[in-house]
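J.: Once you've had a glance at the structure underneath, I'll fire off some questions.
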Amino acid sequence: MEEWFISITAAILIFVGLAIVFGLLLGYAAVRFKVEGNPMAEQIDKILPQTQCGQCTFPGCKPYAEALAKGETEVNLCIPGGTDTMILISEITGLEPKEVEVTEAEHKPKETAFIDEDVCIGCVLCIKACPVDAILGATKLMHTVIQSECTGCDKCAPVCPVDCIDMRAPPVSLENWQWPEPTIKSEGEAK
Amino acid sequence: MQEYVLILISTVLVNNFVLVKFLGLCPFMGVSKKTDAALGMGLATTFVLTLSSVLSYIIFNYLLQPFGLEYLQTIAFILAIAAVVGFTEMAVHKTSPTLYQVLGIYLPLITTNCAVLGVALLNVTENNNFLESAFFGFGAAVGFTLVMVLFASLRERIDASDVPAPFKGAPIALITAGLMSMAFMGFGGMVH
């Protein structure tokens with residue numbers, strides 16, 4: 001057998017061997033690290049308020065999360081979620097944070113619903129209206145709001161026949177404290 | 001033991017691959033807008049570089065050299081690097097979707113990061129043994145991560161400062177990189 005023939009055969013065999021080994025490794029990795037759906041959409045969907053309110057112009061929270069994961073939309077469209085949600089979304093997607101545009105004339109602080117339990121007649125109308133199932137109660141029994149679940153969407157207050165639901169700001173804690181809004185100072189101090 | 005420490009100091013500071021040898025400039029400019037992304041890129045490159053320098057050492061010394069096939073080293077090293085990068089990409093996609101999104105196209109582009117191939121080829125020319133190759137690759141990657149994070153932090157500060165209009169964006173970044181490179185030249189001569 002000539003020298004050059006052995007050399008070329010060895011080269012071909014070695015490279016075929018290497019290709020097979022690396023191919024098997026990548027094939028194993030593809031099975032081992034298989035990604036179902038888009039994991040980022042799941043993560044975003046978890047932090048969205050799930051009010052399905054559609055204020056972001058998407059049909060619900062899940063479609064908005066999927067559009068965000070694909071990078072097709074802005075981070076600041078979730079109005080019920082407010083600034084906190086916007087910051088979480090920008091952390092997950094790596095997009096620049098943007099101020100949430102509140103459509104109301106003035107910027108409202110986050111509020112949650114409270115039921116005046118002495119007035120409540122147990123009509124269950126507010127329970128039906130609540131998109132996040134945050135109201136507890138049964139027919140002809142007093143209702144109450146689970147504060148940690150309430151997103152402050154204000155859908156329960158209008159349906160109450162005895163007007164016993166009002167929106168209150170939650171107590172200030174380390175999690176929700178913010179710098180006070182800037183106020184216009186008199187000309188002397190203002191820069 | 002001392003020689004391994006010297007290899008580390010040499011590759012991290014004195015012969016830094018990015019700022020002294022000017023290898024791997026593509027991710028250096030591309031993924032240095034945010035410190036988080038720069039650190040992620042550095043870690044991914046560390047994994048790829050260490051593994052690929054070890055792999056290419058094994059391929060060169062146990063497969064190519066015995067058969068006199070040294071002339072095929074480039075294609076063999078690229079094959080090994082591409083496989084490791086493919087593996088890393090899948091692992092990152094599974095473990096950290098955020099990082100996957102932030103790194104974007106630069107993750108598969110580690111394949112063409114010339115620092116990775118440079119380390120494999122330099123290992124051969126410098127006749128490094130197995131452990132030396134591993135330390136050489138690891139040191140090069142640590143040096144890469146170090147300058148990535150430093151440079152990204154600098155760029156974040158520059159973003160917040162008032163840059164003259166003609167220097168906005170890439171020009172000021174290149175000037176910064178040049179100044180950093182000159183600063184790293186100060187280590188020259190400390191170790192071979």
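J.: Mind listing whichever residues of the stretch B:71-95 are in contact (Cβ under 8 Å) with a residue 24 or more places away in the chain and surrounded by fewer than 17 Cβ atoms within 10 Å (Cβ to Cβ)?
T.: Passing the criteria: only B:THR74.
J.: Can you tell me which residue among A:LYS34, A:LYS70, A:LYS46 is within 14 Å of chain B (Cβ to nearest Cβ) and under 22 Å from A:LYS155 (Cα atoms)? Quick ask: steps written out before the conclusion?
T.: Numbers: A:LYS34 fails: under 22 Å from A:LYS155 (Cα atoms); A:LYS70 fails: under 22 Å from A:LYS155 (Cα atoms).
Matching residue, one of A:LYS34, A:LYS70, A:LYS46: A:LYS46.
J.: For the structure I just gave you, tell me whether A:THR83 is among the hydroxyl-bearing types (Ser, Thr, Tyr), part of a helix (DSSP H, G or I) and either closer than 30 Å to A:TRP179 by Cα or in contact (Cβ under 8 Å) with a residue 40 or more places away in the chain (or both).
T.: Yes; evaluated as a whole, the condition is true for this residue.
J.: Output the number of the condition that A:LYS62 fails; it satisfies all remaining conditions of (1) of a type in the set (Lys, Arg); (2) modelled with pLDDT of 85 or more; (3) closer than 23 Å to B:ALA91 by Cβ.
T.: Result: A:LYS62 passes all but (3).
J.: Does A:LEU88 satisfy the condition of being part of a helix (DSSP H, G or I) and more than 9 Å from chain B (Cβ to nearest Cβ)? Spell out how you get there, then give the answer.
T.: On the way: part of a helix (DSSP H, G or I): yes; more than 9 Å from chain B (Cβ to nearest Cβ): yes.
Judged against the criteria, A:LEU88 is a match.
J.: Only residues that are farther than 17 Å from B:VAL31 by Cβ and among the hydroxyl-bearing types (Ser, Thr, Tyr): list them for the stretch B:117-161, please.
T.: B:THR125, B:SER133, B:SER161
J.: Test A:ILE12 against the criterion of being out of contact with any Pro (no Cβ under 6 Å at 6 or more places or on another chain), more than 10 Å from every other protein chain (Cβ to nearest Cβ) and closer than 19 Å to B:GLN65 by Cα, and give yes or no.
T.: Values: out of contact with any Pro (no Cβ under 6 Å at 6 or more places or on another chain): yes; more than 10 Å from every other protein chain (Cβ to nearest Cβ): yes; closer than 19 Å to B:GLN65 by Cα: yes.
Considered against the rule, which asks whether it is out of contact with any Pro (no Cβ under 6 Å at 6 or more places or on another chain), more than 10 Å from every other protein chain (Cβ to nearest Cβ) and closer than 19 Å to B:GLN65 by Cα, A:ILE12 comes out as yes.
J.: Within the stretch B:102-119, can one find any residue that is within 14 Å of chain A (Cβ to nearest Cβ) and more than 25 Å from B:LYS21 (Cα to Cα)?
T.: Yes - at least one qualifying residue is present in the stretch B:102-119.
J.: Quick check on my filter: what residues within the stretch A:11-25 are in contact with a helix residue (DSSP H, G or I) (Cβ under 9 Å, 6 or more places away or on another chain) and either among the β-branched types (Val, Ile, Thr) or at positive phi (or both)?
T.: Listed by number, the residues that qualify are A:ILE14, A:VAL21.
The values are calculated or read from the model by the stated rules, or taken from the named source; none is laboratory data. Keep in mind the model is a prediction, meaning the values are calculated, not measured. When we count neighbours, we look across all protein chains shown, and the Cβ atoms used for this are built from the backbone with ideal geometry, even at glycine.
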